[in-house]
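Bear in mind that the values in this text are calculations on the coordinates, not laboratory data. Please read all numbers here as calculations on a predicted model, not as lab measurements. As a convention, Cβ positions derive from the backbone with ideal geometry for all residues, glycine included, and neighbour counts pool all protein chains shown.
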Amino acid sequence: MLINIVLNGKKITREIEPDLLLIDFVRKEGCFSVKRGCETSNCGLCTVFLNDKPVLSCSLLAARADGQQVTTLEGLQEEAAEFGAFIADQGAEQCGFCNPGFIMNALALFRENPEPGEEEIKEYLAGNLCRCSGYEGQLRGILNFLAWKKDKKRGVSL
Amino acid sequence: MKIVNQPLRKKDAMQLVTGQPVYMDDIAPANCLVVKLLRSPHANAIVTSINTAIAAKVPGIEAIYTWEDVDQDARRFTCAGQTYPEPSPYDRLLLDRHVRFVGDPVAIVAGETEKAVDKALSLIKVQYEILEPILDFHQSLDNKILIHPEDNWESLCPVGADNKRNLCAHDECGAGDIEAVLADCDVVIDRVYHTKAVQQTMMETFRTFCTIDTYGRLNVVSSTQIVFHCRRIIANALHIPQTKIRVSKPRIGGGFGAKQTSITEIYPAFVTWMTKKPSKLIFSREESMIASTPRHEMEVHVRVGAMNDGKIRAIDVYTLSNTGAYGEHGPTTVGLSGHKSIPLYRTESYRFVSDVVYTNRMSAGAYRGYGATQGLFAVESAVNELAAKLDIDPIELREMNIAREGDMMPAYYDSWNTSSALDRCLKRVREMSRWDEKYPVRDMGNGKVRSLGIGMSMQGSSIPFVDVGSATLKVNDDGFYTLIIGSADMGTGCDTVLAQIAAEVLECEYDDVTVFGADTDVSPYDSGSYASSTTYLTGKAVEICAQKLRGKICALGAQLLGCSADEVVFDGRCVTRTQPAADGKNSIALADIATASMCGNSVALEETVTKSSPVSPPPYMVGVAEVEVDLLTGQAEVIEFNAVVDCGTPINPNLARVQAEGGILQGIGMALMENITYTPEGRVVENSLMQYKIPSRVDIGHIHVEFESSYEGTGPFGAKSIGEVVINTPGPAIAHAIYNATGHRYYELPITPEQIVMPEK
Ligand code: FES
Ligand code: FES
């Protein structure tokens, strides 16, 4: 079947098998940041945006994204680097395999709720598993990033 | 120190956080054949017939291999990544007619698409002669059912193995008359502890791709901790010379020991070698759960004898370990259960006896902690029980009995305790956890109680006399350096840590050292990243290598300045004469030396150093868990985990900290939730992340890590290892805390809410 998708801002038309999963579709299109960690929708590694909302691309047919916008970390390089630098400053990116999905979902959180509290952060990101970090360094990175953002905003409004 | 002991960013950090394509499946050629395995549904069976004719006709299928394509009488091999001759028995064939666990490979299928391969897998017809399995490891030794009856089974090392007894290893050692000392003690704690098999659960499953290179050689790119061992294992499995094989690793999405065993490599290697076409095998999460290399299940019988005043006099440990269907890491993991638990204490006498047996479960393997985790749960739990019995504070009891710096440690292979801040770790953790105020338990008034528990831990730093760490350093144009290593950064940050050591010695910027690794064709030989060896051993090799390279830079610099090498000094930027020269040519910049080295020069500006160590200095750690227990539901949550680590000098405090935090949470998972269970037929129940729960970020309060550093003279800049010691304290500390909350002692992990509300009598 034929589908039209706006992938990272670029309109593409592709002939696909109806049972192709979105994760395999975007990887085929070179969006290798999207990772698979399970077959049961439990790890969050495959998180992408569908019309700016985070979804698990392993649990969605590519056909379902027909006519819609799909964004992966490849399309959010600046935001990823800006926030990711705070994770890097903790050394909390470690093996890195969970990072794209985690960072996608964190960016979604910041868009939805620019000043989340610690519990809100944990709840929102609960579906993003990480086996390396113990989550503590990721949390420190997020809190530092949010503090920096807040300072920046204040600086601008002064 | 300018660069060592600094919290620098990991070299690959920004590439990883921006999601660049650096892992195996991101760089595999698009035209790889998809390789999958048909797996046995039986725990113990002989393949009587296998029909692949219909499956082979599926469009797109390139090849199907079965045991008939593999010489059943050929030499067997092990998939364990260990130095040759491996202590792990040679008990595998690429495809064996005798399948020994549910999930053991029966056929290899390669095809153009995943769909075609899946179709073919479903069309292969196999008939089995089903044999009775042994699933309970208590039943294994001297059972009439033999897991490995075959005559070409082989044990290369004197580890006490005997396949005709289902015995993978046996060992005994000790000092003093253990029975006499125990008989003379006022109190003896005598308990049996049980830890289960648990999964490393790295987020990137096992995976490998293979191609044939320009020279007709097999080029293997794999998510592995052990490129050099891997080369030998593939050669052994395929029965081809090692000259034909090159193994390299890209970024690795976590290992934790799982990738110290060649789980996937041999299958696509075989496909590509036979077909001469590129191929790849990516394990599903399910395969990574049912046919991988989890922690050895162990039963540890501990007797600790002490006097009423608290003096511990003897520790006796007997460990029974379950290696599963194959012996990967069986003979070696078990040793740590005694040798890395008993030496924490000064004793008059000790004994340590162990048996490792085969069963029809998936093979166990290497998982961070490597047997120490199991032994420390047992010994530390026994010491906690002893403290209660003697009515002595558990920290005080430890302070009275721990091995101190300068002690001889008989149970630690008769070695000296050259560096230890364990006493300071105990002192600091008491403050951090507010022990005096919170221990043992506080009623929160809402049906919940909060309690504390403690555990100590030690590990090693490399395998003495065995492990080899190496480094090559060379000077490039402009005077920047390339560091080439054979150890594997699997998220641990060793590329960074090793570059920090090099930059410190070379007095250059951290960014002036680029790192390359690991590739068997290029890297100097290194046994690989395991056994807590990389920072300590490869790090030392880097340090020495950088020093030697400085010598070469001086030599060439002096030559260019027209003097001898002992008349110059190098400050990281310039080689300068100590005495002013008559011609005024006093100094030459490194960049100019580097440039000169590329024209009419006969001095190679590079150096390779290989290092092995006769000692394995233990890092130490103390952990205190604060657990909130809901007495009604049995829900136990770790709300605080306070840990103090002595890893010697932390080369990169950030990376040491995240290592500790991550290891602690894995330990918490093992203590409270993770468990591999089997159906009566021998099938793994927890075959997905749905059933096999690892901690998520809502399952943990906060983890606090601090360092109390001793200085280890044999390590680089005083460093010891960090990677493994950090996983061992949550087990005993949490069990202890739950005892303080409920009054019930737990001798088995994990401790589930059901067991807390309804404890077995
Ligand atoms: S791959 Fe695990 S949730 Fe999508
Ligand atoms: S960094 Fe390795 S899984 Fe999160």
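Scan the stretch B:592-695 for GluC sites (Glu not before Pro) in coil per DSSP, keeping those whose Cβ has at most 16 other Cβ atoms within 10 Å, and list them by number.
B:Glu681
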Acute angle (nearest 10 degrees) that the helix A:136-157 long axis makes with the longest principal axis of chain A, alpha-carbon atoms: 80
Each label point is 7 Å from the Cα along the Cα-to-Cβ direction; what then is the distance between the points at A:Ala147 and B:Val603, in nm? 5.0
Mind telling me which of A:Asn113, A:Asn128, A:Asn144 comes out most flexible in a GNM of chain A, alpha-carbon contacts under 10 Å? A:Asn113
When the dipole is taken about the Cα centre of chain B, and only Lys, Arg (+1) and Asp, Glu (-1) are charged at their Cβ, what size is it in debye, to the nearest 20? 1380
Quick one: grab the alpha carbon gyration tensor of chain B, order the square roots of its eigenvalues as a ≥ b ≥ c, and give me rounded if a/c is under 1.5, else prolate or oblate depending on whether a/b is larger than b/c. oblate
Could you check the spin-label model distance between B:Ile639 and B:Ile27? Points 7 Å from the Cα along Cα→Cβ, value in nm. 4.7
By Cβ neighbour count within 10 Å, fewest first, B:Met289, B:Met690, B:Met409, B:Met490 rank B:Met690, B:Met409, B:Met289, B:Met490
What does a probe at B:Ala565 reach in the stretch B:593-619, counting residues whose amide N is under 14 Å from the point 7 Å along Cα→Cβ? B:602-608
Of the options B:Leu631, B:Cys494, B:Val513, report the single residue whose Cα projects farthest towards the positive end of the charge dipole of the stretch B:490-636 (beta-carbon charges: Lys, Arg +1; Asp, Glu -1). B:Val513
Within the set of other residues whose C-beta is less than 12 Å from the C-beta of B:Ala591, count the net charge using Lys and Arg as +1 and Asp and Glu as -1. -3
Restricting the stretch B:251-308 to trypsin sites (Lys or Arg not before Pro) in coil, as DSSP defines it, with at most 13 other Cβ within 10 Å: B:Lys276
Give me the one-decimal nm value for the distance between modelled label points at B:Leu156 and A:Leu20, 7 Å along each residue's Cα-to-Cβ direction. 4.6
GNM, chain A, Cα, under 10 Å: largest mean-square fluctuation among A:Gly141, A:Gly75, A:Gly101? A:Gly75
Counted neighbours (other Cβ, 10 Å), sorted fewest up, put B:His42, B:His229 in the order B:His42, B:His229
Calculated from backbone phi, Karplus (6.51, -1.76, 1.60) coupling profile of the stretch B:686-699 in Hz, x at Gly/Pro: 8, 9, 8, 6, 6, 7, 8, 8, 9, x, 9, 6, 8, 8
Suppose only helical runs count, i.e. DSSP H with n ≥ 4. What mean residue ellipticity at 222 nm does that imply for the protein assembly as shown under -39500 (n - 2.57) per run, divided by all residues and rounded to the nearest 500 deg cm²/dmol? -8000 deg cm²/dmol
Sites B:Ile54 and B:Lys427, calculated FRET efficiency, Cβ-Cβ separation with R0 60 Å, nearest 0.05: 0.25
The exposure ranking of B:Trp153, A:Trp148, fewest beta-carbon neighbours within 10 Å first, is A:Trp148, B:Trp153
DSSP-loop trypsin sites (Lys or Arg not before Pro) across the stretch B:78-150, with at most 15 other Cβ within 10 angstrom: B:Lys144
Only helices at least 27 Å long along their axis, Cα-based, and averaging -0.5 or more on Kyte-Doolittle count here, so list those DSSP H runs from chain B. B:539-561, B:653-672
Can you compute the FRET efficiency between B:Asp186 and B:Gln72 using 1/(1 + (r/R0)^6), with r the Cβ-Cβ distance and R0 = 60 Å? Round to the nearest 0.05. 0.50
I'd like the distance between the alpha-carbon centres of the stretch A:58-103 and the stretch B:311-332, rounded to an integer number of Å. 43
Would you work out if the stretch A:78-135 is rounded, prolate or oblate? Take a ≥ b ≥ c from the square roots of the eigenvalues of the alpha-carbon gyration tensor; rounded if a/c is under 1.5, else prolate when a/b is larger than b/c, oblate otherwise. oblate
Can you work out the Karplus-derived ³J(HN,Hα) for every residue in the stretch B:290-304? Use 6.51 cos²θ - 1.76 cosθ + 1.60 with θ = phi - 60°, whole Hz, and x for glycine or proline. 10, 9, 10, 7, x, 4, 5, 5, 9, 10, 10, 9, 10, 10, 10
Based on the alpha-carbon gyration tensor of the protein assembly as shown and its eigenvalue square roots a ≥ b ≥ c, which shape applies: rounded if a/c is under 1.5, prolate if not and a/b is larger than b/c, or oblate? rounded
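About its Cα centre, what dipole magnitude does the stretch B:508-603 give when the only charges are +1 on Lys and Arg Cβ and -1 on Asp and Glu Cβ, stated in debye to the nearest 20? Could you put the intermediate results ahead of the total?
Working: 7 positive and 12 negative charges, 58 e Å.
The calculation lands at about 280 debye.
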Contour minus end-to-end for B:Thr679 and B:Glu172, with contour as 0.36 nm per residue of separation and end-to-end as the Cα-Cα distance? 179.2 nm
